[in-house]
1. Taking the conditions exactly as written (in a helix (DSSP H, G or I), open to solvent by less than 10 Å² (accessible area, probe 1.4 Å) and of a type in the set (A, V, I, L, M, F, W, C)), does B:L154 satisfy them or not?
2. Quick check, is B:V293 assigned to a loop (DSSP other than H, G, I, E, B), within 16 Å of the chain's Cα centre (by Cα) and among the β-branched types (V, I, T)?
3. I'd like to know if the range B:36-44 contains one or more residues that are in a helix (DSSP H, G or I), in contact with a Ser or Thr (Cβ under 7 Å, 6 or more places away or on another chain) and at pLDDT 95 or above.
4. Counting just the residues of the range A:8-22 that are open to solvent by less than 50 Å² (accessible area, probe 1.4 Å), within 14 Å of chain B (Cβ to nearest Cβ) and in a loop (DSSP other than H, G, I, E, B), which one comes out nearest to A:E85 (Cα to Cα)?
5. Does B:N349 meet the test of being open to solvent by 10 Å² or more (accessible area, probe 1.4 Å) and either under 30 Å from B:V322 (Cα atoms) or within 13 Å of chain A (Cβ to nearest Cβ) (or both)?
6. For the range B:323-332, check the following and say yes or no: at least one residue is within 13 Å of chain A (Cβ to nearest Cβ), not aliphatic (A, V, I, L, M) and not in a loop (DSSP other than H, G, I, E, B).
7. Tell me yes or no: at least one residue of the range B:10-29 is of a type in the set (S, T, Y) and surrounded by 17 or more Cβ atoms within 10 Å (Cβ to Cβ).
8. Only one of A:T12, A:T80 is on the phi < 0 side of the Ramachandran plot and at pLDDT below 90; which?
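The values are calculated or read from the model by the stated rules, or taken from the named source; none is laboratory data. Just so it is clear, the model here is predicted, and its values are computed rather than measured. Backbone-built Cβ (ideal geometry, glycine too); neighbour counts: all protein chains shown. Ligands, DNA and RNA are excluded from the accessible area calculation, which covers all protein heavy atoms including side chains. Shrake-Rupley method; radii C 1.70, N 1.55, O 1.52, S 1.80 Å.
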Amino acid sequence: MDGITFDRLTATGYGRHLIKGSIDCPVISEISAFVQGARFYSNDCQSILDIGGQDTKAISLDDKGCLCKFEMNDRCAAGTGRFLEVMAAALGFTLEEFAAEAILANRAEKINSMCTVFAESEVISLISQGADRREVALGIHKAIISRSASLLKRVSSAGKIFFAGGVALNPCARSLLETETNRPVFVPPDPQMVGAIGAALDAAEEDWNL
Amino acid sequence: MADYTKMWQDLGLDIESHEALLSVLGKAYADIFLVQKNRPEGMKYFDFVMSEVHGLRIKEIMDAKAQGRIVVGSYCTFVPEELVLAVDGVAVGLCAGAEFGFEAAETLLPRNTCSLIKSVFGFKLGRVCPYLESCDIVVGENTCDGKKKAYEILAPLVKDFYVMDMPQVKSEMGRKLLREEYRKFMAKLEMESGKEITPASLKRGIEIVNEKRKAMLRLNALRAADPTPISGLDALLINQVFFHDDPVRFTDSVNKICDELEIRVKDHTGVAPKGTTRLIVSGCPMAVPNWKVPMLIESSNAVIVGEESCVGERSTRWLTDVKGSTIDEMLDAIVDRYFNIDCAIFTPNPSRVNHVKEMVKDLHANGVIHYSLQFCQPYIIESNPVEKELEKSHIPTLRLETDYSQEDTGQLKTRIEAFVERLKKR
């Protein structure tokens with residue numbers, strides 16, 4: 001935080017407790033931070049889906065827009081942004097090309113494994129069998145979106161979805177999420193900043209004496 | 001602590017591994033329990049018990065054996081201590097709460113076996129549980145599929161392994177089965193101890209255990225106060241010690257701490273400020289030293305005010321009727337008492353969720369954390385309908401599934417904190 005001036009501070013994210021000792025400030029979980037951040041951009045979403053670098057969160061909001069139920073993927077990075085990165089690299093695409101090429105595919109190859117390690121070897125063997133790279137790319141997108149949609153279904157089944165996290169920048173993921181859930185999807189500008197904005201809003205609300 | 005090396009060697013323990021286990025346990029205990037603020041004075045007794053859990057208590061058990069008393073170990077709250085006391089035996093709950101010796105356990109069990117069962121094997125194969133090694137009889141009860149199949153593999157490794165069958169349905173036939181199993185168990189105890197169960201000895205057994213449960217009920221009721229006079233961790237510890245301490249001394253110590261807590265309640269003092277988020281933990285049992293989830297909860301701006309668990313109210317809530325005068329009548333009363341236990345092995349099991357709701361109301365809880373051990377089918381499968389029913393009754397519920405490892409503490413903490421934040425916003 002050297003060289004950065006601030007009026008108030010709230011910490012969130014996986015390292016949120018590490019700041020203790022350096023700066024004494026309120027701490028909120030990233031789940032609450034996403035709820036607050038989402039409300040800043042939209043007041044008509046019933047659910048939030050965040051696909052970040054290493055986890056996926058599905059959150060439902062009550063009629064006042066407050067945190068209701070939530071689910072997270074367990075333990076490993078299966079089906080998260082990191083998974084997409086590894087698969088793009090295995091196919092020899094940049095992340096941008098990966099989404100753009102997937103959209104152009106006419107059909108999707110079925111990807112069976114959600115484990116980053118096993119799926120990578122599945123992709124490599126599909127390519128060596130002569131599969132179309134675009135179709136494999138679409139298959140990978142479908143695999144993670146169908147997994148995320150089922151996580152979302154566990155917390156809520158209707159209404160507009162607020163799509164956050166870096167993966168929301170991926171146009172293929174966005175359109176698949178709409179088709180898979182049959183629900184409207186809203187992507188805010190800078191979806192990867194939603195948690196940080198939520199924490200900032202929390203700091204603004206917090207009755208906090210320096 | 002005195003030097004118990006000789007006693008441990010005589011019991012056949014692996015001294016080096018056992019030392020390592022005790023040092024990890026001692027450090028965890030200091031980091032989790034001793035650092036808590038505003039602990040009741042009465043916890044000193046339980047701190048002492050824990051510091052001597054493999055020492056003085058084992059010595060007492062060995063002394064009891066030398067006096068001709070038998071030691072009966074078990075892994076479940078369905079094994080009636082009353083019957084063991086009726087032959088002047090010592091009943092002990094056996095070690096199943098630590099991630100110890102899992103590699104060895106996995107040579108005999110599939111990897112996807114619940115941590116509790118793996119721990120039973122880890123302790124046996126690693127020769128680090130002095131309770132298990134001092135047992136004359138080890139009772140394995142046919143509750144879940146995991147346990148009953150694992151017991152087939154455990155049986156030849158243990159001196160005298162005794163299988164107790166269990167009903168799965170709360171029917172008249174189910175009750176008959178339980179009664180018959182308890183009757184057979186009485187005969188087994190009489191044979192091993194060489195002592196006859198008399199109406200007087202059985203009544204004495206029932207009374208000792210009733211007193212122990214009454215003290216726990218008193219403790220549970222005191223936790224309804226806000227601020228809560230005792231932490232959930234300390235209350236869990238008392239529930240854990242329930243299974244291996246001398247029952248009369250334990251009862252006395254619980255009553256003593258309750259006297260102290262009554263004063264706290266009157267003075268409106270407690271372990272956390274008034275208004276702190278109050279939670280019930282419901283689900284799988286937490287055996288010593290399985291403190292991971294309660295520790296995460298109580299370091300996330302919340303207090304636990306009740307445990308709907310076999311190491312908790314499922315073990316302590318009902319008393320045995322003492323009206324009977326014949327052995328048959330008293331056995332009926334014991335069967336009636338134990339047949340109430342709403343373990344998830346029963347199908348259907350509606351009284352369990354009703355009990356959770358009652359606890360939420362009586363203890364003024366804000367929400368429920370449903371705790372399942374990974375691969376524990378009965379509780380994991382039941383967790384979904386339990387969650388739905390509680391949420392339908394406007395009781396916020398968070399389902400957690402975990403094991404004895406520490407690798408998921410970050411993810412668990414995020415969920416628990418978010419859940420507590422959800423409750424605060426209401």
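1. Yes.
2. Details: assigned to a loop (DSSP other than H, G, I, E, B): no; within 16 Å of the chain's Cα centre (by Cα): yes; among the β-branched types (V, I, T): yes.
For B:V293, the condition - assigned to a loop (DSSP other than H, G, I, E, B), within 16 Å of the chain's Cα centre (by Cα) and among the β-branched types (V, I, T) - is not met.
3. no
4. In this case the residue turns out to be A:G13.
5. Numbers: open to solvent by 10 Å² or more (accessible area, probe 1.4 Å): yes; either under 30 Å from B:V322 (Cα atoms) or within 13 Å of chain A (Cβ to nearest Cβ) (or both): yes.
It is true that B:N349 is open to solvent by 10 Å² or more (accessible area, probe 1.4 Å) and either under 30 Å from B:V322 (Cα atoms) or within 13 Å of chain A (Cβ to nearest Cβ) (or both).
6. no
7. Residues of the range B:10-29 of a type in the set (S, T, Y): B:17, B:23, B:29.
Narrowing the set further to residues that are surrounded by 17 or more Cβ atoms within 10 Å (Cβ to Cβ) leaves B:29.
The answer is yes; a qualifying residue exists.
8. Details: A:T12 fails: at pLDDT below 90.
Going through A:T12, A:T80 in turn, just one is on the phi < 0 side of the Ramachandran plot and at pLDDT below 90: A:T80.
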